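Asks: Okay, handing you the structure first.
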Amino acid sequence: MSRRLGWAVVGTGGISRTTAGDLHQTENLDLVAVASRTIDNAAEFAAEFEVPRAYGDYDALFDDDDVDVVYIGTPIATHADLARRALLAGKHVLVEKAFTTTAAEARSLAALAAERGRFLMEAMWMRFNPAFRRMLDEVAAGAIGDVRTVQAGFGIPFPPSWNIWRPELGGGALLDMGVYPLTLAHLMLGPPEIIRATGELRRDGLDVTASVFLRYGEGRFAQALTSLAGFVNPVATVGGTEGFIAFDQPFMSADSFRVETPPDGEPRTVTVPLEGAGYVPMFRAVGEAIAEGRLEHPWRPLAETIAVLDTMDEVRRQLTGDPRRRGRG
């Protein structure tokens, strides 16, 4: 029997603290190391979350032979550089969403991972959520007919001290929160033919709000809303020709959804419990894919991540009023 994969966490901020318990709970991996910008931060995290080794230098962690997989949970603007360094050091890499700040960065990383023969994926945990997977199964089985619409949003007015307000760190509503409703739209309908976006942009380029309309033809469309200026209810609806599916709680981490087929169908609620804080299925799936020799996971291939980033690139171009390109199609 081969040993379990050794995982390391890069970054000791909020997402790393949220997911550390789920890493320990996942049965096909061992959390063996953590790295931060300072050894004090890393050592404190290691002591709190029972991680054997702490590094105050990212490259020192990448050189650790006991580390097979690196989970990057640092600010978004640092993702591309850290993922590149980890891949060059021979590590498999899981990168928190948003994967990178631009589609061009993502394409570069995808090419490097393929060249190096290493697994690479965006940590879009929503895609691995058991309830979300069950929803996709229901849609594939024709529960609501042919999908025609997606409506989703996510917005929180985070305190001004948070990194999400710092454009130099990859902040902004779109990359941190808008990635969820846009990913849902892409999963259900694919890349859009036409993109129309409005919103509020600060003078330093930080996107505070974004309202996005995606058109696909044949009566299909999606609407996505995100905001740092106020709360946006994080619910979602997928509409079809014969009914709709609704997430009445945060759709990225929901444990249930409703299936309705009016006027005659009996509404029903489907419930599938989360594991841990919700990240265990994703961590497990990454480990399984690596064990099978895969370089990508079929549930979240890099092409899908890049397509969403292409859409976000276009949204930002429209918010800035860049005349070079206005929509698609």
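Asks: When the residues of the range 161-184 are filtered to those that are of a type in the set (G, A, S) and touching a residue at least 60 places away in the same chain (Cβ under 8 Å), which remaining residue is surrounded by the most Cβ atoms within 10 Å (Cβ to Cβ)? Break it down into steps so the answer makes sense when it comes.
Replies: Going residue by residue through the range 161-184, those that are of a type in the set (G, A, S) are 161, 170-173, 178.
Cutting the leftovers down to touching a residue at least 60 places away in the same chain (Cβ under 8 Å) gives us 170-171, 178.
Values: G170: 21, G171: 24, G178: 32.
Result: G178.
Asks: Yes or no: the range 67-76 includes at least one residue that is charged (D, E, K, R), without any contact (Cβ under 8 Å) to a residue 60 or more places away in the chain, in contact with a His (Cβ under 8 Å, 6 or more places away or on another chain) and not in a strand (DSSP E or B).
Replies: We begin by selecting, within the range 67-76, every residue charged (D, E, K, R); these are 68.
The next check asks that each one be without any contact (Cβ under 8 Å) to a residue 60 or more places away in the chain; those that pass are none.
No, the range 67-76 contains no residue that is charged (D, E, K, R), without any contact (Cβ under 8 Å) to a residue 60 or more places away in the chain, in contact with a His (Cβ under 8 Å, 6 or more places away or on another chain) and not in a strand (DSSP E or B).
Asks: Turning to a different aspect of this structure: Only one residue in F244, F231 is in contact (Cβ under 8 Å) with a residue 60 or more places away in the chain and over 16 Å from M177 (Cα atoms). Which one?
Replies: None of the other options fit; the residue is F244.
Asks: Can you pull out every residue in the range 206-228 that is loosely packed, with under 13 Cβ neighbours inside 10 Å and within 23 Å of P167 (Cβ to Cβ)?
Replies: none
Let's see how each residue does on (1) in a loop (DSSP other than H, G, I, E, B); (2) open to solvent by less than 10 Å² (accessible area, probe 1.4 Å); (3) touching a Lys or Arg at 6+ places or on another chain (Cβ under 6 Å); (4) within 26 Å of G142 (Cβ to Cβ):
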| residue | (1), (2), (3), (4) |
| --- | --- |
| P262 | yes, no, no, yes |
| E266 | yes, no, no, yes |
| L274 | yes, no, no, no |
| F283 | no, yes, no, no |
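Asks: Another question, if that's okay. From the residues in the range 119-160 that are touching a residue at least 60 places away in the same chain (Cβ under 8 Å) and acidic (D, E), which one is farthest from T271 (Cα to Cα)?
Replies: Checked the range 119-160; the qualifying residue farthest from T271 (Cα to Cα) is E122.
Asks: M252: open to solvent by less than 60 Å² (accessible area, probe 1.4 Å), hydrophobic (A, V, I, L, M, F, W, C) and out of contact with any helix residue (DSSP H, G or I) (no Cβ under 6 Å at 6 or more places or on another chain), yes or no?
Replies: no
Asks: Shifting gears a bit: Return a yes/no flag: does the range 54-63 have any residue that is open to solvent by 10 Å² or more (accessible area, probe 1.4 Å) and assigned to a strand (DSSP E or B).
Replies: Yes, the range 54-63 has at least one match.
Asks: Does L214 meet the test of being touching a residue at least 12 places away in the same chain (Cβ under 8 Å) and not in a strand (DSSP E or B)?
Replies: So L214 fails the test.
Asks: Hey, could you check the range 106-118 for residues that are in contact (Cβ under 8 Å) with a residue 40 or more places away in the chain and charged (D, E, K, R) and say which is surrounded by the fewest Cβ atoms within 10 Å (Cβ to Cβ)?
Replies: Among residues in the range 106-118 that are in contact (Cβ under 8 Å) with a residue 40 or more places away in the chain and charged (D, E, K, R), the one surrounded by the fewest Cβ atoms within 10 Å (Cβ to Cβ) is R107.
Asks: Taking the range 158-207 as the search range and keeping residues that are more than 14 Å from the chain's Cα centre (by Cα) and of a type in the set (D, E), which one is farthest from E304 (Cα to Cα)?
Replies: For the range 158-207, the residue satisfying everything is D204.
Asks: Same structure, new question: Which of the residues that make up the range 22-43 are farther than 12 Å from L61 by Cα and in a loop (DSSP other than H, G, I, E, B)?
Replies: Correct list: T26, E27, N28, T38.
Asks: So, one more: Has the range 96-115 got at least one residue that is under 22 Å from G278 (Cα atoms) and charged (D, E, K, R)?
Replies: Within the range 96-115, one or more residues are under 22 Å from G278 (Cα atoms) and charged (D, E, K, R).
The values are calculated or read from the model by the stated rules, or taken from the named source; none is laboratory data. Keep in mind it's a predicted model, so treat the numbers as computed, not measured. Glycine also receives a Cβ, built like all others from the backbone with ideal geometry; neighbour counts cover every protein chain displayed. Surface areas here come from the heavy atoms of the whole protein model, side chains and all, with no ligands, DNA or RNA. Shrake-Rupley method; radii C 1.70, N 1.55, O 1.52, S 1.80 Å.
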